[in-house]
Amino acid sequence: MIEKFKEWYETRHAYARQWKERTGGKVVGTFCTYVPEEILAAANMLPVRILGSHEPQDVTEPHIFGMFCPFCRDALAQGLKGRFNYLDGVVLAHSCIHFRQTFNSWRIHLPVQFSYYIPMPNTVQTPHARLYHTVEVEKFKKAIEEYTGRPITEQDLDRGIEILNRNRRLLRKVYEYRKLDHPPLTGEEAMYMAVSSQFIDKEEHSKVLEAVLKELPERKLPRDAGIRLMAVGSENDDAEFFRMVEAVGGTVVIDEQCAGSRYFWNELVPNGNRMAAIADRYIDRPPCPVKDYPGHSRFQHVLNLAKDYRAQGAIIMQEKFCDPHEGDNPRLKKYLEDNGIPTLSLEFDSTNPLGPFRIRVEAFLETIRGEELF
Amino acid sequence: MAIPTKYPTEPLKCWPKAKEIRQQYYKDYATAHDRGGIRWSGGAWAFDAVPMGLGDDVHVMTGEPYAASIAFDRKFAQECQDATDARGWARDLCSYMRIYWGSMYLNRFFFGGEFPKPDFYYQTQICCSHAKWDQEAALYENVPFFCIDVCVGPYETLDEDRLNYVVKQLHDSIDGMEKTTGRKYDDEKLIAAVHNECRSTSLWAEICTLNKAIPAPLDEKTMFSLYVLATLQRSSKQIGDFYEELRDEVKDRVARGIAAVPYERCRIITDTQPPWGFLKIYRYMEQFGVVSVGSLYTFGLEGIFGDQEDGSWGPRKTPQQLGIKIKTREEALRITADWNLSRPQWQHFYDPAIKTRMMLRIYNEWKLNGVILHLNRGCEGLTVGSSENRLGLVKAGVPVMTYEGNMADEKEFDERRTTSRIESFMETLGLEQIEAARAAQAAS
């Protein structure tokens, strides 16, 4: 069953079109992973995260200056090339300035029926972020209700919350298996699993997760796990890179990135006020560096993951020109190394030089093995 | 070929005073502790009126103008950036930030002596780089960092909830500053500072509005040295008083037809910070009779604008002008929050279409012939959406030229290539070099 995630990843646009045809529902493109999908699920909509294709792109130069991150340009390219032409709406929850450009260019050049900007707090550590965001989530709910012409009831919200929470719970359960000495799934497979949850109907995705959970106890990979690695970064759904790392003697056993664990790590905790609980869930999630002020609260979480999953090394996957991560990485690198986790920093573009990367990854793995010898 | 009209020109009388204020500002900051005073650092967009409630001996050094000052000294700028690069920071990060950090890491203050350690950092969170800048600086210096999240969407969508979110954080920051400094906060001083903030930023907008006149009384290269005072400390009475004096002088220049550029025959605006080490490109444009009358950057980085009764764009009316008497801390904080959130240069962070509309407004009201956009690799925050601005302007029929560069990292600016592009742009505007202008510059 685990192969299903890869299939979904590769056929995501066809899936969304078929979903729309099959259900008659609306498909909403989500920009960044802070969009409160509970509201969309409650309104029977399909949230589809806007991602790039990792192909060389040649259509965004007039829209986004080349100094901005390859991901924001790659993602816009998908829109300009018509690959998301099934979208009924787009939503951005306030993100980094790079990806906001993708959203804005999209709004200008690819008009859709529904477009909404959520001013999600950028300093989630302030105590005032909760109330503020609760009100903004409420406004978003109202906007969706106006768009669909149908009220979202408390029962709808409870259903939306449970759809999301169930999926998060199941993903966490699968991730637990990655703690084993011989993880029954590779980092590449885990990546497909996590990232596909960002654009596949969550209920369908959860059913497959449940089936996978039944298979995992018996699943044996015909490979040695080798060096246990952690992947740290932003939107890193570069399958070829994970495949290469796992072909040269490593296994990615945990990640801290928005294409992976940051997206689903924490569940929504019901507190009697549905809007407040939704807001809190996004305030409390493992933060993107763009929202992690005034302290680096993220660092401890990264280290905890590394320890829990017994990562022997961390690959810091730096999206080129990504200022928020660039503003964290030197200190994060030192923090991990001071706590006994060796690191390898690599800079990523939409397409990547796998050959030179392989040499560096091999050298990194050799270094770690060398430490094991003595 | 007809000789173009030559307008009378004369130097600004208050120019030396502007220079003096700037020099004293850095001296006061460096020596504040010697006098038992307080130092804080942060961004030019921090709510600088708020720390003023800590006392009259509170001195600030805003990071961007400090780094821009260093950018004029290419050798030291490079040393600073090298020091930052050596610590593992990416070379494509904000060049102001890299210079500031470098000066801090090297423990060398550009104006002499050791780098003056602030008592705390105070910043707004609107630009990804800005917030990281002070987060790192505060960690390195081991001092508190107060960060005000102002990401509440564009001003045109501001409501009570969004305003309250900012105001509550400002209240918290006062509590934090009291704890950090051990001082009791004085609301009267805050109220006076907010008064001065509104006065100085509205006055700067008024000065920019005077540049609608033909010939323009100010050119952008001169304006760079004047707007900067508001970036240093817009809430100080001294800056407000200076802008009043400047406003009166510029008004007088308009009345007497005094030009900034003698052969003005083409008016443009630019965008974002210029490559500071290469301001001569503005002088080069003057040889074609081109005056840059400003930019959304020079106008709206600190100037606060609003709709005028006749429908035009001009200075926003201050609370005082509207007869509002600020009585409490809450009122003062609400006013400063609302005032700052209306800043023209914050709007494009949410939507480039808003900036394009403002640029078109400037194009029409300031009677322009073209726009030059600096695609500034040194500043993500102000270059966000620039490409969409270009498309929007072109769609509206505005001649636009772009050039790539970096405000403070000379390695990313190609002077010859830029002047070639300017020459081509001049050609498309039908302009040839004015021999008399060229000769006058050569002789000066």
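The values are calculated or read from the model by the stated rules, or taken from the named source; none is laboratory data. Just so you know, these numbers come straight off a predicted model, no measurement behind them. Here Cβ is always computed from backbone atoms with ideal geometry, including for glycine, and neighbour counts include all displayed protein chains. Side chains included, ligands, DNA and RNA excluded: accessible areas come from the protein's heavy atoms. Shrake-Rupley method; radii C 1.70, N 1.55, O 1.52, S 1.80 Å.
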task = Name the residues whose placed amide hydrogens come within less than 5 Å of the amide hydrogen of A:Thr343, ignoring near sequence neighbours (fewer than 5 apart) on the same chain.
result = A:Ala314
request  = Run the accessible area of region B:232-371 with a 1.4 Å probe and give the carbon-and-sulfur part as a rounded percent.
outcome  = 50
query = Tilt of helix B:415-428 relative to the longest C-alpha principal axis of chain B, in degrees (0 to 90, nearest 10)?
reply = 50
request  = Using only Cα atoms, find the angle between the long axis of helix B:187-210 and the longest principal axis of chain B, and express it within 0 to 90 degrees, rounded to the nearest 10.
outcome  = 10
query = Computed on alpha carbon atoms, what radius of gyration and Dmax characterise chain A, expressed in Å?
reply = 19.9, 67
message = Under the rule of at least 5 residues apart or a separate chain, name every residue whose amide H is placed under 5 Å from the amide H of A:Lys26.
response = A:Leu46
Per-selection Rg to Rh, region A:191-306 - Cα, Kirkwood hydrodynamic radius = 1.00
query = What percent do you get for the relative contact order of region A:24-150 when only Cα pairs under 8 Å and 6+ apart count?
reply = 26
ask   = Which value, in Å² rounded to 10, gives the accessible area of B:Asp82 with a 1.4 Å probe and all protein chains present?
value = 80
remark   = Residues whose built amide H sits under 5 Å from the amide H of A:Val90, excluding neighbours closer than 5 in sequence, are A:Gly29, A:Phe114, A:Ser115, A:Tyr116
ask   = Total accessible area buried between chains B and A, 1.4 Å probe, in Å² to the nearest 100?
value = 3900
ask   = Along region B:311-328, what does the Karplus equation 6.51 cos²θ - 1.76 cosθ + 1.60 (θ = phi - 60°) give for ³J(HN,Hα), rounded to whole Hz, x for Gly and Pro?
value = x, 7, 9, x, x, 6, 5, 6, x, 4, 5, 8, x, 8, 9, 7, 10, 10
query = Any idea how far the Cα center of region A:238-310 sits from the one of region B:257-331, in Å?
reply = 45
request  = Filter the chymotrypsin sites (Phe, Trp or Tyr not before Pro) in region B:46-139 down to the DSSP loop ones having no more than 14 other Cβ atoms within 10 Å, then list what survives.
outcome  = B:Phe72
query = Say a site is exposed when it is one of the GluC sites (Glu not before Pro), sits in a DSSP loop, and has at most 16 other Cβ atoms within 10 Å; what is then the longest site-free stretch of chain B?
reply = B:115-308
key: Above-threshold pairs, the threshold being 18 Å between Cα atoms, out of B:Lys13/B:Lys221; A:Lys334/B:Lys411; A:Lys173/A:Lys214; A:Lys179/A:Lys334   = A:Lys334/B:Lys411; A:Lys179/A:Lys334
inquiry  = If you take each beta carbon of peptide B:199-205 and count the beta carbons of other chains within 10 angstrom, what is the mean?
reply    = 0
query = How many lysine pairs in region B:85-192, separated by 8 or more positions in sequence or lying on different chains, have Cα atoms less than 24 Å apart?
reply = 9
request  = Determine the distance separating the Cα centre of region B:351-412 from the Cα centre of region A:311-359; give it in Å without decimals.
outcome  = 34
message = Would region A:269-311 count as rounded, prolate or oblate if I go by the C-alpha gyration tensor, calling it rounded below 1.5 in a/c and otherwise prolate when a/b exceeds b/c, oblate otherwise?
response = oblate
request  = Principal axes first, then extents: for the Cα atoms of region A:111-227, list largest minus smallest coordinate on each axis, whole Å, largest first.
outcome  = 53, 33, 31
remark   = Phi angles of region A:95-104, converted by Karplus (6.51 cos²θ - 1.76 cosθ + 1.60, θ = phi - 60°) into ³J(HN,Hα) in whole Hz with x for Gly and Pro, give 10, 5, 5, 5, 6, 4, 5, 4, 4, 5
inquiry  = Can you tell me, using C-alpha contacts under 8 Å and at least 6 residues apart, the relative contact order of chain A as a whole percent?
reply    = 19
note = Counting other chain Cβ atoms within 10 Å of each Cβ in A:120-133 and taking the mean gives 5
note = Note on region B:177-277: alpha-carbon gyration tensor, axes a ≥ b ≥ c; rule is a/c under 1.5 for rounded, else prolate if a/b larger than b/c, else oblate; result prolate
note = Given 4 °C, 1.567 mPa s and a Kirkwood radius over Cα pairs, the Stokes-Einstein diffusion coefficient of region A:243-289 in µm²/s is 102
ask   = Is region A:24-150 rounded, prolate or oblate when judged by the Cα gyration tensor, a ≥ b ≥ c being the square roots of its eigenvalues, rounded requiring a/c under 1.5 and prolate requiring a/b larger than b/c?
value = oblate
Order of exposure, largest accessible area first, which applies to B:Asp119, A:Asp338, A:Asp74 with probe 1.4 Å = A:Asp338, B:Asp119, A:Asp74
key: For the protein assembly as shown, accessible area per residue (1.4 Å probe, heavy atoms of protein chains only), Å²   = 35
ask   = For region B:15-436, what is the Kirkwood estimate of the hydrodynamic radius, computed as the reciprocal of the mean inverse distance between distinct Cα atoms, to one decimal in Å?
value = 21.8
task = Per residue of B:391-402, count partner chain C-beta atoms within 10 Å of its C-beta, then hand back the mean as an integer.
result = 1
inquiry  = I need the Kirkwood Rh of the protein assembly as shown: take the reciprocal of the average 1/r across all distinct C-alpha pairs and report it in angstrom.
reply    = 28.1
